[in-house]
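What follows is a single structure, written as structure tokens, with notes after it.
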Amino acid sequence: MSVSDKPVLDVRDLRVSYSQGEKRSTVVHGVSFSVQPGEVVALVGESGSGKTSTAQAVIGLLAENGRVEGGTISLNGEDISRWSARRLRNIRGSVISLVPQDPGNSLNPVLTIGEQVREILEIHGKVNRLVADRRVVELLGHVGLSEPELRATQYPHELSGGMKQRVLIAIAIALRPALIIADEPTSALDVTVQRRILDLIDDLRREYGTSVLLVTHDLGVAADRSDKIIVMQGGRIQEAGRTADILLAPQSAYTKKLLSDAPSLAVAKPRPPVEADRPTAVSVTSLTQEFTLPSGRQFKAVDGVSFTVARGTTHAIVGESGSGKTTTIRALAGFQRQTSGQIRIGDFDLGTLQAAGLRQFRKKVQLVYQNPWASLDPRQTVKAIVEEPLLNFEPIDRSERDRRVRSIVERVGLPEALLSRLPHALSGGQRQRVAIARALVLEPEVVILDEAVSALDVTVQAQILDLLGKLQEELGLTYIFVSHDLAVVRQIADTVSVLHNGRQVDYGTVEQVFSPSASTYTRELIDAIPGRSFPAGGILADALQHVHPSGFPA
């Protein structure tokens, strides 16, 4: 890493506020840090920590109701904090670039990939069309896209999420800027795609000497990829320093809490073996699911998957996008009838169920979705949301319904005062607790959790996982836990199925699946878990526990 005395970016006493009606609220309070040439600095924190507002202020892309209240932002020694929007546009792309979070919403759907990459060259580069087109193909090839000439002619909807993110990186590096701001650049991607994208950013940084300001909630990613870490909470810096120093000897209680809750940096607790005589709750035998494509060709989305789940245990189904895990759980939940094979859950054989039997089955099997923002009706109160399954399935009187709603809401750790609130008045963690309460109010035997913690911040995620463990122990619940995050799976599952292209490539206990004897594909998934390549290796969490033997403060 090349480091000079003069930082590429120097932020001093930055303060940012937003207006809501006539009221202004400060969300970044006196933040100061610098980024040296060729250096990667990670801004780490949860939602509301101020990290994204800080990054947006640096590149001049705050929302319309946001403004810089004070402080300086020096880029290559020049204070740009009071520059006009027009003047800032002149340096975006050429001196400072952004790799945004969501590749699906960051590209123009009506322009080809080539047109969008060429635009940055034409705005800043003053090159003719022929030279620009040649440079577009070079850039797309440089970021690892296959058949770059073809990709230049395609539209965003024709590319995968990882390919779209590579296009955004091509746009960001087109003019070799001094600083790239990568705002959660891989949070929406599968773990192996995430690793490839981060490797690409690393390679380009080394090649061009570009500095990177990496905005992330994932301490594992920061551990792997940064030279320095800045931990933010409530718009203030809680701790800053060299990555190794922060991770091995954190000083602030908040940093210690983040580290203790990060699945990829935690030591997995050994799970007791499942008793051999425990009854089976779920049995899946040779499950196959085919669909007819518009062309008329048959597509086998799930191909011969088999597993059993003992009552009161957690079985994880893992795999990347397109692996078949969503199709599998749709069949398990009774949303579609399998093409062949058998699914038995409790006393129900799903292949033989008619409408009346399917209705009874749905009382015993409930689903908790990934996104707590999208899965709750925004017009219903918490009470109405949790009560709705009882109205649909169980003809009981109002007083009994009220009792059961209040009982399950209390059990999932929500105060009774929230019953009258709408979802928008709740935090993400509270919304997911409501979704869990809704699933449990019918007293099911099996709960399917579809990426149920992937949209949550790390400490909230840890709280929900703790809650699920407590509920399983108290109620004897059986979980089917669908996830692409093997770090979480390692913590909470008893058994695991690994799916790849519709086939089950590994199946067994967590210890078996995480062992060296696992398939090549599973090993790739495990090796891609962020945080594993940190210099301290697997001893990181042990070292932290040794430094703080009393544990991490809540």
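Before moving on, here are some points about what is shown:
- Cβ-to-Cβ counts within 10 Å put Met163, Met232 in ascending order as Met163, Met232, the fewest first.
- Rounded to the nearest whole Hz, the Karplus-based 3J(HN,Hα) values (6.51 cos²θ - 1.76 cosθ + 1.60, θ = phi - 60°) of segment 420-428 follow the sequence 8, 8, 8, x, 5, 8, 10, 6, x, with x at glycine and proline.
- Listed values for segment 190-198 are Karplus-derived 3J(HN,Hα) couplings in whole Hz (6.51 cos²θ - 1.76 cosθ + 1.60, θ = phi - 60°), namely 4, 5, 6, 5, 4, 5, 5, 5, 5, and x replaces Gly and Pro.
- Antiparallel DSSP beta bridges within segment 280-518, as percent of all bridges there, nearest 5: 55
- ³J(HN,Hα) computed for each position of segment 50-61 - Karplus, 6.51 cos²θ - 1.76 cosθ + 1.60, integer Hz, glycine/proline x: x, 5, 5, 4, 4, 5, 5, 5, 4, 9, x, 10
- Sorted fewest first by neighbouring Cβ atoms within 10 angstrom, His484, His29 come out as His29, His484.
- Long-range amide H partners of Asp506 with built H, under 5 Å: Val498
- For the chain, share of DSSP beta bridges that run antiparallel, in % to the nearest 5: 55
- For segment 176-277: rounded, prolate or oblate by the Cα gyration tensor [a/c cutoff 1.5]: oblate
- Placing +1 on each Lys and Arg Cβ and -1 on each Asp and Glu Cβ, with no other charges, gives segment 9-259 a dipole about its Cα centre of roughly 540 debye.
- From least to most packed, judged by other beta carbons within 10 angstrom and beginning with the fewest, Asp397, Asp199, Asp457 follow the order Asp397, Asp199, Asp457.
- Centroid-to-centroid, using Cα positions, segment 307-351 and segment 65-102 are 50 Å apart.
- Mean sequence separation of contacting Cα pairs (under 8 Å, at least six apart), scaled by the length of segment 280-518, corresponds to a relative contact order of 29 percent.
- Rg of the Cα atoms in the chain, relative to 2.2 N^0.38 Å, amounts to 1.04.
- Anisotropy class of segment 280-518 from Cα gyration tensor, a/c 1.5 cut: prolate
Values quoted throughout were computed directly from the atomic coordinates according to the rules given, and no laboratory measurement underlies them. Keep in mind that this is a model prediction, so the values were computed, not measured. Don't worry about glycine lacking a Cβ; one is built from the backbone with ideal geometry, like all the others, and counts go over all protein chains shown.
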